[in-house]
Each structure stands twice: as structure tokens, then as C-alpha cells.
Amino acid sequence: MPPFLKRYVKNLIWIMPLIFLFLGCGSQGADPAGKEGNLSSIKGVVTAASTISFKANPKTFKVAAASGTVTVPGAVCTIEGTDKSATTDANGFFQITNVVAGSYILICKKTASEDGKVYAFLEIVEVHDSETVDLGTVDIKKTGSIQGKTT
């Protein structure tokens, strides 16, 4: 056998086990489609102070509650870092489904029709396998801003 062929066979003997090792050690990432039995959801009702006017379609939608709050239709609730979101219905209710267990930042926000200000709610939500996290009523408040000069 020629010397170059001996070297090739010797190297192949060492490389083949490594190839088989890498082929057998595949990793699967989080796949919601493959974990259907373990998926969860987050739900709640978005409200705001009754002095804020939000638009739902062309009409102003205000439903005063005994507590001085209104439900907020059309607010967008998003789980940051994912493609999961839901828009509140006419009663301010939202439900985000097919959520994999984990810790998430939930943001619900809506722009007021009267002054164009953004109102929002932010909370860290812990989701466990096969459960529905019910946040109950979440109250959105006017967001602020930071202004200044950095040097």
C-alpha cells in the first residue's frame, strides 16, 4: 500500500468515530408544535382610568365601571421577544395562547384618542407547563419619557 494511502486510512479511523458522535448528538430547540400538551396561555382584562378616552373603530368607546375605570378595547398585548400577541376585544379581554413555559415580559399598550398619549402596562409573567395564567384586571397608565443630554 502506498504511504499516502496508509496515512489516509489511519486518519479516517480517528475521524469516523467523531463523525458518528456529532451525527448522534443533535439538539432540538424549543418547538411549540412538538410540545402541544405542555403549552400554556396568558389572559386578562385591560382597564384604564375613566377619564381617558380611547377610540375603538371610529367611535369613542367608554364603559364606566363602578371603580372609576373603563375597559380598553383594541389594546395590543405582546410577549416581548416572541411573536405572541393578542388585541383586546370590546370588553378589554385578551388571551395569548400557545405559550411555552418560561419567564416573559408582557406589555399591553394603547394610544388615547383625546391626546395621542401612549398608555401601557408591563409585568414579568412566569408561565408553567399546561396552565393558564390569569392576570385578572390590569390597569394601563400613561407612559413617561426621559429627556436630557449625555456627555
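The values are calculated or read from the model by the stated rules, or taken from the named source; none is laboratory data. Source: prediction; values computed, not measured. FYI the Cβ positions are ideal-geometry reconstructions off the backbone, even for glycines, and counts take in every protein chain you see. With ligands, DNA and RNA removed, areas are computed over all heavy atoms of the protein, side chains included. Shrake-Rupley method; radii C 1.70, N 1.55, O 1.52, S 1.80 Å.
Out of all the residues in the range 114-123, is one or more in a loop (DSSP other than H, G, I, E, B), closer than 21 Å to Lys142 by Cβ, touching a strand residue (DSSP E or B) at 6+ places or on another chain (Cβ under 6 Å) and open to solvent by 70 Å² or more (accessible area, probe 1.4 Å)? Even if it seems obvious, please write down each step before you answer.
Going residue by residue through the range 114-123, those that are in a loop (DSSP other than H, G, I, E, B) are 114-117.
Narrowing further to those that are closer than 21 Å to Lys142 by Cβ: 114-117.
Subsequent filtering for residues that are touching a strand residue (DSSP E or B) at 6+ places or on another chain (Cβ under 6 Å) retains 117.
If we keep only those that are open to solvent by 70 Å² or more (accessible area, probe 1.4 Å) as well, we get 117.
Checked the range 114-123: at least one residue is in a loop (DSSP other than H, G, I, E, B), closer than 21 Å to Lys142 by Cβ, touching a strand residue (DSSP E or B) at 6+ places or on another chain (Cβ under 6 Å) and open to solvent by 70 Å² or more (accessible area, probe 1.4 Å).
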The one condition Lys55 fails out of (1) at pLDDT 95 or above; (2) assigned to a strand (DSSP E or B); (3) surrounded by fewer than 17 Cβ atoms within 10 Å (Cβ to Cβ) is (1)
Of the residues in the range 93-113 that are open to solvent by 40 Å² or more (accessible area, probe 1.4 Å) and farther than 19 Å from Thr82 by Cα, the one that is modelled with the lowest pLDDT is Ser113
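Answer yes or no as to whether Ala90 is in a loop (DSSP other than H, G, I, E, B), among the aliphatic types (A, V, I, L, M) and open to solvent by less than 70 Å² (accessible area, probe 1.4 Å).
yes
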